[in-house]
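The values are calculated or read from the model by the stated rules, or taken from the named source; none is laboratory data. The structure presented is a predicted model; accordingly, all values stated were derived computationally and were not measured. Cβ placement follows ideal geometry from the backbone for every residue including glycine, while neighbour counts extend to all protein chains displayed.
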Amino acid sequence: QVEEVKCLIRIVPVWSTGIIYYVAVVQQSTYVVFSALQSDRRLGSSFHVPAASFTVFAMLAQTLWIPIYDRLLVPRLRKVTGKDEGFTLLQRQGIGIALSTVAMIVSAVVEDRRRDIALNQPNIGTTQTGGGISAMSSFWMVPQLMILGLSEAFNLISQIEFYYKEIPEHMRSVAGALAFCNLALGNYLSGFLTTIVHRTTGAGQNWLAQDLNKGRLDLFYWMIAGIGVFNFVYFMICARWYRFKGTRDA
């Protein structure tokens, strides 16, 4: 039992980085819909792509990347790294955290451009809530979603595999729950940050105003990117410190 407790204590620092990681995932899946609603969603002359369907691009990237990585990249990476899995589980988690930060930076740049066009060029319409619809194509949001999908392909899968390998066999049910606890706590943390931003900026220019053209969603994205950088550094420290079960080397 003492060894089991030690094992869990050893995992907790690495596990905690997943909570902050999911903040970026949650915010992307939420605010990208609002951004899409206030951008040009036309595909062809008459069809408008539903705003909520843009999150499919993240799932598509994840679905396509997994077999490409497993079948094409891993055999080549084995020759370079000397490891059967190509990258270690911790390396893949780190790559996922880094990519989520990149996704937030791209999101901030795209949102700043969308808002600039909405404020300085004629709008193509208004939303049901009265917000102006920017002439910028909503498909400019696809790259950030694809990067986020790649991030999840690296981080989420390696997280689950990491917990199953490092937790004792008779505690495997706990291993399966840890990743989903990360997701749940990430949602709570995301909601907490949103509340703080509303209260802090609400008296002036609310960053998260209902009309995104009057807000500064791009600054909110930059803030999350900054948190992501901190999380990546924290993860690197945890990964450096971590010792895998049954070994003395990281």
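Residues satisfying the criterion are present in segment 136-148 (criterion: in contact (Cβ under 8 Å) with a residue 12 or more places away in the chain, over 19 Å from the mean Cα position of the chain (by Cα) and surrounded by fewer than 18 Cβ atoms within 10 Å (Cβ to Cβ)). Scanning segment 11-37 for residues that are buried (at least 17 other Cβ atoms within 10 Å of the Cβ) and farther than 17 Å from L219 by Cα yields a total of 11. If you scan segment 27-50, which residues turn out to be in contact with a helix residue (DSSP H, G or I) (Cβ under 7 Å, 6 or more places away or on another chain) and either modelled with pLDDT under 90 or basic (K, R) (or both)? Selection gives Q27, Q28, S29, R41. Against the test of being touching a residue at least 12 places away in the same chain (Cβ under 8 Å) and basic (K, R), the options R78, R92 yield a single qualifying residue, R92. Assessment of segment 160-173 against the conditions (more than 25 Å from R240 (Cα to Cα), surrounded by fewer than 20 Cβ atoms within 10 Å (Cβ to Cβ), polar (S, T, N, Q) and at pLDDT below 90) yields at least one matching residue. Number of residues in segment 26-46 that are over 17 Å from V110 (Cβ atoms) and of a type in the set (A, V, I, L, M) equals 2.
When only residues in segment 112-163 that are out of contact with any helix residue (DSSP H, G or I) (no Cβ under 6 Å at 6 or more places or on another chain) and small (G, A, S) count, which is farthest from Y221 (Cα to Cα)? Looking at the filtered set, the residue picked out is G125. Looking across segment 67-88, the residues that are at negative phi and surrounded by 15 or more Cβ atoms within 10 Å (Cβ to Cβ) come down to Y69, V74, L77, E85, F87, T88. Within segment 126-135, the residues that satisfy the criterion of being surrounded by fewer than 18 Cβ atoms within 10 Å (Cβ to Cβ) and assigned to a loop (DSSP other than H, G, I, E, B) are T127, Q128, T129, G130, A135.
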